[in-house]
Amino acid sequence: MARLLEVNNLRVIFRTYRGIIKALNGVRLWLNEEERLGIVGETGCGKSVSALSIMRLIDEPGEIIEGQVLFEGTDLLKITEEEMDKTVRGKKMSMIFQEPISALNPVFKVGFQIAESIAHSSEISMGDAYEKAPEILEMVGLDWRRSMDLYPHELSGGMAQRVMIAMALAVKPKLLIADEPTSALDVTIQAQILQLLDELVRVGRNAVILITHDLGIASEFCDRITVMYAGNAIEISSSEEIFEEPLHPYTKGLIDSIPIIGASKVLSGIPGSVPDLIAPPPGCRFHPRCDFCFDKCCVELPDLKEVKPGHFVACHLYSDSF
Ligand code: SF4
């Protein structure tokens, strides 16, 4: 499959009254057409900031200070805001946001908001788009007769998430970014939403970036996984390999902390907590929590290197030069 997206050396900061938060510290990731990439990691590791940067939705006090976001070969960081709106955002790329209720416009009915997405992406009149809205609502399992005239505050969490998915899919994007699409939902609705995403992705043949802190969901849904820690991509591999043979000490810690129903596994957490990104540790940002830390780790940031075909890791344990 051809490369659809390639993010290189992406650096994002947020200027706050406490100081400058170095939220992304040279992130690298990529995605092929029709591929499903999971981005996993603890809260604050940079998953959502990466997604918002790809969509060019980083607002003040945030700033993308360096990097490349190549989408179909075009660097999205170099095109104008108008080009981004007219040709990429809401056309070739769409996003399901973490908080569906707050991402929907509270003053417009569901039918209008879906029609607006269709009209924007297909460049058809609102009247024509409105006629297509029921079909999209049915696709995500909502009764259009009931849902079209509801306002966002009248939706349950599961319905709001379905409306968000409908709006994202109405544009038939080449790349769908789903940021924790199931985090606010109970497990039954979670399963329904994932099944729905799976079906729609298979039919629409679009690529997906699924952002989640839930490794179980990522392993079921994704072809490949990028593990992030404190603003860096620290391990990238196929889903199977990352669960069977994780290499980075942080990835191993994350996997060892997942409970498995019925297994007599001793759960071990990762000691310490995520660093303050205003003053992150020098060298490898994971070194204060790592059992394998040695001198070089405290001074030199490890590069992301391919250590096995298709398996990349940023850790000095796997560098040739120590
Ligand atoms: Fe641990 Fe060093 Fe590898 Fe960082 S580079 S994960 S501190 S061994």
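So how far apart, in nm, are the two label points at Glu66 and Lys109 if each is 7 Å from Cα heading toward Cβ?
5.2 nm
Determine the dipole magnitude for the range 169-322: charges of +1 sit on the beta-carbon of Lys and Arg, -1 on that of Asp and Glu, nothing else is charged, the reference point is the Cα centre, and the result goes in debye to the nearest 20.
260 debye
If the only charges are +1 at each Lys and Arg Cβ and -1 at each Asp and Glu Cβ, what is the size of the charge dipole of the chain around the Cα centre, to the nearest 20 debye?
Computed about the Cα centre, the dipole is about 300 debye.
For the chain, what is the per residue volume of the convex hull drawn over the alpha-carbon atoms, in cubic angstrom? Present the calculation step by step, with values, prior to reporting the outcome.
Numbers: hull volume 47.6 nm³, N = 322.
Given the Cα convex hull of the chain, per-residue volume reads 148 Å³.
Using only the alpha carbons of the range 28-84, determine the length spanned along each of the three principal axes and report them from longest to shortest in whole angstroms.
Result for the range 28-84: principal-axis Cα extents of 32, 32, 17 Å.
Quick check on the exposure proxy: order Ile165, Ile217 from fewest to most C-beta atoms within 10 angstrom.
Ile217, Ile165
Which length gain, in nm to one decimal place, applies between Met126 and Ser273 when the Cα-Cα distance is subtracted from 0.36 nm times their residue separation?
Residue separation times 0.36 nm, minus the Cα-Cα distance, leaves 47.9 nm.
When you count, for each residue, the other Cβ atoms within 10 Å and take the mean per peptide, how do 149-160, 166-177 rank with the highest first?
Packing proxy ranking, top to bottom: 166-177, 149-160.
Could you state the angle between the C-alpha long axis of helix 126-139 and the longest principal axis of the C-alpha atoms of the chain, as a value from 0 to 90 degrees rounded to the nearest 10?
Roughly 60 degrees between the two axes.
For the chain, take the longest principal axis of its alpha carbons; what is the angle in degrees between that and the long axis of helix 157-170, to the nearest 10 within 0 to 90?
With both axes taken from Cα atoms, the answer is about 80 degrees.
Write down the Kirkwood hydrodynamic radius of the range 70-181, to one decimal in angstroms, obtained as one divided by the mean of 1/r over all alpha carbon pairs.
Hydrodynamic radius (Kirkwood, Cα only) of the range 70-181 equals 14.3 Å.
So between Ser156 and Met1, what do we pick up on full extension, going 0.36 nm a residue minus the alpha carbon distance?
Length gained, Ser156 through Met1: 52.0 nm.
Return the calculated 222 nm mean residue ellipticity for the chain, to the nearest 500 deg cm²/dmol, obtained by summing -39500 (n - 2.57) across DSSP H runs with n ≥ 4 and dividing by the residue count.
Result for the chain, helices only: -8500 deg cm²/dmol.
May I ask for the angle, rounded to the nearest 10°, between helix 110-122 and the longest principal axis of the chain, with both axes built from Cα atoms and the value confined to 0 to 90°?
Between helix and principal axis, roughly 80 degrees.
Please tell me which of these pairs span more than 22 angstrom C-alpha to C-alpha: Lys86/Lys172; Lys22/Lys252; Lys47/Lys109; Lys47/Lys252; Lys132/Lys174; Lys22/Lys91?
Lys22/Lys252; Lys47/Lys109; Lys22/Lys91
So what's the range 144-204 giving for Cα Rg divided by 2.2 N^0.38 Å, two decimals?
Normalised Rg, Cα atoms only: 1.13.
What FRET efficiency do you get for Asp295 and Thr188 if R0 is 56 Å and r is their Cβ-Cβ distance, rounded to the nearest 0.05?
0.65
Each value in this text was obtained by applying a stated rule to the coordinates, not by laboratory testing. Since the structure is predicted, the reported quantities are computational estimates derived from the model, not experimental observations. Note that each Cβ is placed from the backbone with ideal geometry, even for glycine, and that neighbours are counted across all protein chains shown.
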